[in-house]
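Nothing in this text is a laboratory measurement; each read-out follows from the coordinates by a stated rule. Note that the structure is a prediction, hence the values are computed from the model and not measured. Cβ: placed from backbone, ideal geometry, glycine included. Neighbour counts: every protein chain shown.
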Amino acid sequence: MPAAATPRKDEDDRLQPVFRALADPTRRRILRDLAREPASIAEVASRFEMSRPAVVKHLAILREGGLIAVAPRGRERINVLKPDNLKSASQWLSFFDAFWDDKLAKLKHAVETDYARSKKR
């Protein structure tokens with residue numbers, strides 16, 4: 001394998017758990033909730049119509065993705081958002097911004113050109 005391909009594969013391997021965590025709408029909602037305030041497992045579970053074990057599985061996937069941390073507080077385990085770890089996914093996605101920027105610029109030009117032509121008629 002060429003040396004140049006290794007960092008890309010390493011990056012893809014590193015991002016896989018992050019995107020797996022973000023892939024589910026329930027987990028994305030949990031992240032939004034934790035962005036407002038840290039919460040215990042019971043507090044997170046109370047916001048969903050699913051079993052506590054199902055919520056615990058979602059939290060485990062978020063933890064594996066590095067998107068949350070768990071801090072003990074007495075007998076409770078408090079789930080805390082780790083927003084810095086979302087940055088790697090954001091940076092990866094931002095690579096594709098250039099494609100959208102180009103397409104939107106072309107669309108804007110086409111609309112403006114068509115509008116200018118229609119005013120001349």
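Numerical summary
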quantity: The chain, helix-only ellipticity at 222 nm - DSSP H runs n ≥ 4, -39,500 (n - 2.57), divided by all residues, nearest 500; calculated: -21000 deg cm²/dmol
quantity: Taking His109, His58 and counting other C-beta atoms within 10 Å, the order from fewest to most; calculated: His109, His58
quantity: Dipole-positive endmost among Pro83, Phe48, Ala69 within the chain (Cβ charges, Cα centre); calculated: Phe48
